[in-house]
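The values are calculated or read from the model by the stated rules, or taken from the named source; none is laboratory data. These numbers come from a predicted model, not from an experiment. We place every Cβ from the backbone using ideal geometry, glycine too, and count neighbours over all the protein chains shown.
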Amino acid sequence: MTAAMGLEAAFVPEVVKAMETKPRIPVIWLHGLECTCCSESFIRSSHPIAQDVILNMISLDYDDTLQAAAGEQAEDCRRKIMKEHKGGYILAVEGNAPTKDGGVYCTIGGGTFLDVLKETAEGAKAVIAWGSCASNGCVQAAKPNPTGARPVHEIISGKPIINVPGCPPIAEVMTGVITYILTFDALPELDRLGRPKMFYGQRIHDKCYRRPFFDAGQFVEAWDDEGARKGWCLYKMGCRGPSTYNSCSTFKWNNGVSFPIGSGHPCIGCSEANFWDNGPFYQRLSAIPLPGIEATPDAIGKTLVGLTAAGAAAHAISYAVRRTISKEASEDKKE
């Protein structure tokens, strides 16, 4: 985990000590409009495993998907944590909140999720927006967005918010964020979109094992063609790897077994804003500003030949002009 967070080996004892000795952080985990895929991802973390996170690192005091309590008993528990740990608990949000018609399209305990979210965030130390639903809206906020779904950062203000996008986020990214907060009692460095730089600082394209084929201009042109069987680049099949910032190609999934591109499926850019509206998924994005993205060695060679020929022609013209000027100057002197 120390390596995953981009820290030097010297920090290993500090991380170990924090996980073994620091008080568990109270966590209230809310669920809005979502499919629970973030929770499903979280429980599959391999380092640290979810069991260690829940039993040793955090005190998961409210999670309406996992808790035994229900109804008023559950809501009483949430309010108790808010009162007893005001300013000291972490609010984890999975899913987003509908805002149209007063937020009636998602209700919890008789109240709208919109109100529950605002109420719970008021006394939180920080807010973690799990997944693309909470971070950027995801499918619920895609056009035409009939419920007026909005991500957490558009609803909550005045609180530190960590966006951990992905549909779902990688398990070790989720546990890594918690580990960092526990170890250093601070939020990790964030990018301009509020994402932890240690996990979202590079494009998938930069670490993809298919990158050499991209650079060589070798692309899959159709499903199950020769290029697909040889593992060539999936850019022409709609891969968003060149414009998507995430750790998929580094951490992969299920304890490092694979990730979508490794399984032959192009990246759909699920950790980027509005990815549902940036489709269709299997169509090449021609607007990606990457120089030479369509170039092949043959195309580059033809371009170089053309430039060489143009240069030679320009040189010949320049030489002819200089000779003409020189000849006219000599005749003027004779006169």
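One table, with the values for the structure above:
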item: Qualifying residue in region 97-109 (condition: in contact with a Gly (Cβ under 8 Å, 6 or more places away or on another chain), in a loop (DSSP other than H, G, I, E, B) and without any contact (Cβ under 8 Å) to a residue 60 or more places away in the chain); result: yes
item: Residue count for region 149-178, restricted to those that are surrounded by fewer than 16 Cβ atoms within 10 Å (Cβ to Cβ) and over 26 Å from Val15 (Cα atoms); result: 3
item: Residues located in region 6-52, provided they are within 16 Å of Pro165 (Cα to Cα), part of a helix (DSSP H, G or I) and of a type in the set (Gly, Ala, Ser); result: Ser39, Ser41
item: Filter result (under 22 Å from Gln140 (Cβ atoms) and touching a Cys at 6+ places or on another chain (Cβ under 8 Å)) within region 62-99; result: Glu94, Gly95, Asn96, Ala97, Pro98
item: Any hit, region 51-63, residues being of a type in the set (Ser, Thr, Tyr), under 19 Å from Gly131 (Cβ atoms), at pLDDT 85 or above and assigned by TED's automatic domain parsing to the domain that holds Cys106; result: yes
item: Scan of region 191-217 for residues that are buried (at least 17 other Cβ atoms within 10 Å of the Cβ), within 18 Å of Val173 (Cβ to Cβ) and of a type in the set (A, V, I, L, M, F, W, C), ordered by number; result: Met198, Phe199, Ile204, Cys208
item: Condition check for Glu20: modelled with pLDDT under 80 and either assigned by TED's automatic domain parsing to the domain that holds Val164 or surrounded by 17 or more Cβ atoms within 10 Å (Cβ to Cβ) (or both); result: yes
item: Region 269-286 residues that are assigned by TED's automatic domain parsing to the domain that holds Glu221 and aliphatic (A, V, I, L, M), paired with ones that are surrounded by fewer than 18 Cβ atoms within 10 Å (Cβ to Cβ) and assigned to a loop (DSSP other than H, G, I, E, B) (beta carbon under 9 Å, 6 or more apart); result: Ala273/Leu193
item: Selection count, region 206-235, where residues are basic (Lys, Arg) and touching a Gly at 6+ places or on another chain (Cβ under 9 Å); result: 2
item: Check on Gly71, under 25 Å from Pro144 (Cβ atoms) and more than 26 Å from the chain's Cα centre (by Cα); result: no
item: Region 90-116, residues that are more than 23 Å from the chain's Cα centre (by Cα), surrounded by 17 or more Cβ atoms within 10 Å (Cβ to Cβ) and modelled with pLDDT of 95 or more; result: Thr99, Gly103, Tyr105, Cys106, Thr112, Phe113, Leu114, Val116
item: Cross-chain or 6+ apart pairs with Cβ under 8 Å, region 133-151 first and in the same structural domain as Gly103 (by TED's automatic domain parsing), then among the basic types (Lys, Arg); result: Ser135/Arg195; Gly137/Arg150; Ala141/Arg150; Pro146/Lys100; Thr147/Lys100; Gly148/Lys100
item: Subset tally (residues that are closer than 19 Å to Arg211 by Cα and part of a helix (DSSP H, G or I)) for region 248-289; result: 8
item: Set Gly158, Gly194: member being assigned by TED's automatic domain parsing to the domain that holds Glu40, part of a loop (DSSP other than H, G, I, E, B) and within 19 Å of the chain's Cα centre (by Cα); result: Gly194
item: Scope region 67-96; condition of a type in the set (Val, Ile, Thr) and either outside the structural domain of Glu34 (by TED's automatic domain parsing) or in a helix (DSSP H, G or I) (or both); matching residues; result: Ile81
item: Region 229-247 - residue that is within 18 Å of the chain's Cα centre (by Cα) and in a loop (DSSP other than H, G, I, E, B) and, of those, farthest from Arg203 (Cα to Cα); result: Gly238
item: Residue satisfying condition, being surrounded by 14 or more Cβ atoms within 10 Å (Cβ to Cβ), among the hydrophobic types (A, V, I, L, M, F, W, C) and not in a loop (DSSP other than H, G, I, E, B), within set Leu60, Leu55; result: Leu60
